[in-house]
Amino acid sequence: MGTDDVAAWYAERGDSQLIHYGVSIGHIPVRMIVMEDKGDFLPSGPAKTTVATKADITEMIRRFEEGLNQGAVAVGFGIAYTPAATVKEFETMLSVAAKYDAAAHIHVREGLDGLREAIAGAKKTGTPLHVVHANSSGAEVTAEFLSIIEKARASGQDVTTEAYPYSASQTYIESALFDDWKSWEPERYNTFQWVETGERLNRDSFAKYRAVGGSVIIHARTEEMTRTAIESPLTMIASDGLIRDGKGHPRGSGSYARVLGRYVREEGVVNLMDALRRMTIAPARRLETRVPAMRNKGRMRIGADADFTLFDPETVIDRATYTHGAVASDGFEYVLVNGVPVVDRGKLVEGVRPGRPVRVAPR
């Protein structure tokens, strides 16, 4: 989703971390600041319910440009979470991204119409487009969702997408996605899992936790939908997910191991080299037009950054679960960042911070 203050985000992390790190300037947090929305991570008040004025949009443009000038790697949108954002506002902010050669990474509005809106806006403004989470955004129409992206690419438009290899999603219970919750059938509440306790919800507990706000995992898709997204060569492999105190979605810990172990080795729906392409060089190429440092990532050649993962294709598998989201995967023996081991013989190395900020040189 991005941040509202790019300079502060990088300053907070200093000159080094365990791995490389970068951030986008985000439409959601910027809209929340401008509209004085008191929500935590996602809007819970005016940023999701109020149409922006001309003055609001002018201030959003200023903050977008400030963030891009401070080195943001891209711009982030969560249009699904800001239903009051008009097409005009959306396209205006896309135009800012295009001005700075920044790709727009977008959680589209629900359904195929939301995808078409994003593609049309990006085409009109000349903005590179990255559609977030083809599996959760597409759900039961994932095949058609991917077909629309494929047609846009065939026409010459710069559109990419990704998917994570799990049939459940994660977000915040207070978000705009669930504003119609009072009208649901009783069985729908049970698809929600409260992250803090692991419990499945009913109408009463859903109402209680929505009033408080917090993270939920939603078990609303099928394995067939997930497989459709993962086996498509269009999708990069994504992780995502928020983990706190060991609790959260397993995609934050196990996405790559799950693809390599389940979908490559066990089921054969993806071949190994294509899976690796979609985890490495494809994401690097998505960012490298704006971020020159990414031209040295995602590939093995003389002069490239020495970032390597050594794994056993016969044993690699995810172990994280929906109740224990931070469990480390099996099969990853060594991880090197800038040539420095951060995982050695399967164990995390303490006290090393070879990761460097990935950003555009601030203006």
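Every number here is computed from the coordinates shown, using simple stated rules; none is lab data. Note that this is a predicted model, so its numbers are computed, not measured. So basically every Cβ, Gly included, is an ideal-geometry build from the backbone, and we count neighbours across all protein chains shown.
Counted by neighbouring Cβ atoms within 10 Å, the residues S136, S167 run from fewest to most as S167, S136. Distances between placed amide hydrogens fall under 5 Å for H249 paired with L242, all partners being 5 or more residues away or on another chain.
The magnitude of the dipole of the stretch 244-348, with charges of +1 and -1 set on the Cβ of Lys/Arg and Asp/Glu and taken from the Cα centre, is near 520 debye. In this structure the amide hydrogen of T3, modeled in the peptide plane, comes within under 5 Å of the amide hydrogens of S24, I25, G26, none closer than 5 places in sequence on its chain. Across the options V269, A304, V335, the greatest Cα extent toward the positive end of the charge dipole of the stretch 266-363 (unit charges at beta carbon of Lys, Arg, Asp, Glu) belongs to A304.
Relative to one another, the C-alpha centroids of the stretch 105-146 and the stretch 161-197 are positioned 19 Å apart.
Once the dipole of the chain is set up with Lys and Arg at +1 and Asp and Glu at -1 on Cβ about the Cα centre, which of L260, F206, L234 lies farthest towards its positive end? Of the listed residues, the answer is L234. Cross-linked pairs K123/K151; K88/K124; K182/K208; K54/K88; K99/K297: Cα-Cα separations exceed 18 Å for K99/K297.
Rounded to the nearest 20, the size of the Cβ-charge dipole of the stretch 1-154 about its Cα centre is 400 debye, with Lys and Arg at +1 and Asp and Glu at -1. Here the stretch 96-248 was treated as a single set of alpha-carbon atoms; its pair distances binned every 10 Å from 0 give 11, 36, 32, 18, 4 percent. By the count of other C-beta atoms within 10 Å, a proxy for reagent exposure, F41, F145, F90 are ordered fewest to most as F41, F90, F145. Among the trypsin sites (Lys or Arg not before Pro) in the stretch 215-300, those located in a DSSP loop and surrounded by at most 16 other Cβ atoms within 10 Å of their own Cβ are R299.
Classification of the stretch 241-287 by its C-alpha gyration tensor yields an oblate form. The axis ratio a/c (a ≥ b ≥ c) is 1.5 or more, and b/c is at least a/b. Compared with the alpha-carbon gap, the fully stretched path from L310 to H324 is longer by 2.6 nm at 0.36 nm per residue. In the chain, helical runs assigned H by DSSP with n ≥ 4 each contribute -39500 (n - 2.57); averaged across all residues and rounded to the nearest 500, the mean residue ellipticity at 222 nm is -10000 deg cm²/dmol.
Rounded to the nearest 20, the Cβ-based charge dipole of the chain about its Cα centre (Lys and Arg +1, Asp and Glu -1) stands at 760 debye. Between V87 and T191, the modelled label-to-label distance comes to 2.8 nm, taking each label 7 Å out from Cα in the direction of the beta carbon. Placing unit charges on the Cβ atoms of the charged side chains and taking the dipole of the stretch 1-134 about its Cα centre, the candidate lying farthest along the positive direction among Q17, G114, T50 is G114.
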